[in-house]
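The values are calculated or read from the model by the stated rules, or taken from the named source; none is laboratory data. In this text, all values refer to a predicted model and were calculated from it rather than measured experimentally. So basically every Cβ, Gly included, is an ideal-geometry build from the backbone, and we count neighbours across all protein chains shown. These accessible areas exclude ligands, DNA and RNA; they are computed on the full protein's heavy atoms, side chains included. Shrake-Rupley method; radii C 1.70, N 1.55, O 1.52, S 1.80 Å.
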Amino acid sequence: MNKLLSLAGGLLGGYGLLKTPLENSFLSGLDPVVDVVGIVAMLVFSVGLIYTGVRDWIQR
């Protein structure tokens with residue numbers, strides 16, 4: 001259960017990075033980098049959640 005919560009937290013963190021408003025701040029130049037990191041985090045953690053769910057489903 002702890003692994004699922006960690007994966008869900010990572011997925012939520014990636015979503016948070018995507019939705020962070022950086023325009024009109026000193027970090028506005030990093031907006032494309034933050035978007036790419038958010039997309040990669042969402043992809044990695046969602047694949048991890050799917051893999052863990054399918055693996056647990058098959059083992060039962």
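Annotations for the structure displayed:
- Average accessible surface for the chain: 78 Å² per residue, computed with a 1.4 Å probe over protein heavy atoms with every protein chain in place.
- Between Ile50 and Leu5, the simple spin-label model (points 7 angstrom out along Cα→Cβ) gives 2.6 nm.
- When the solvent-accessible area of the chain is split by element, carbon and sulfur atoms take up 72 percent of it, the probe being 1.4 Å.
- Per-residue ellipticity at 222 nm, computed for the chain from helices alone with -39500 (n - 2.57) per DSSP H run of at least four residues, works out to -27500 deg cm²/dmol.
- Relative to the dominant Cα principal axis of the chain, helix 31-59 is inclined by about 10°.
- Rounded to the nearest 10 degrees, the inclination of helix 2-19 to the longest alpha-carbon principal axis of the chain is 20 degrees.
- Put simply, segment 3-59 fits an ellipsoid with semi-axes of 30, 9, 6 Å; these come from the alpha carbon gyration tensor as the roots of five times its eigenvalues, largest first.
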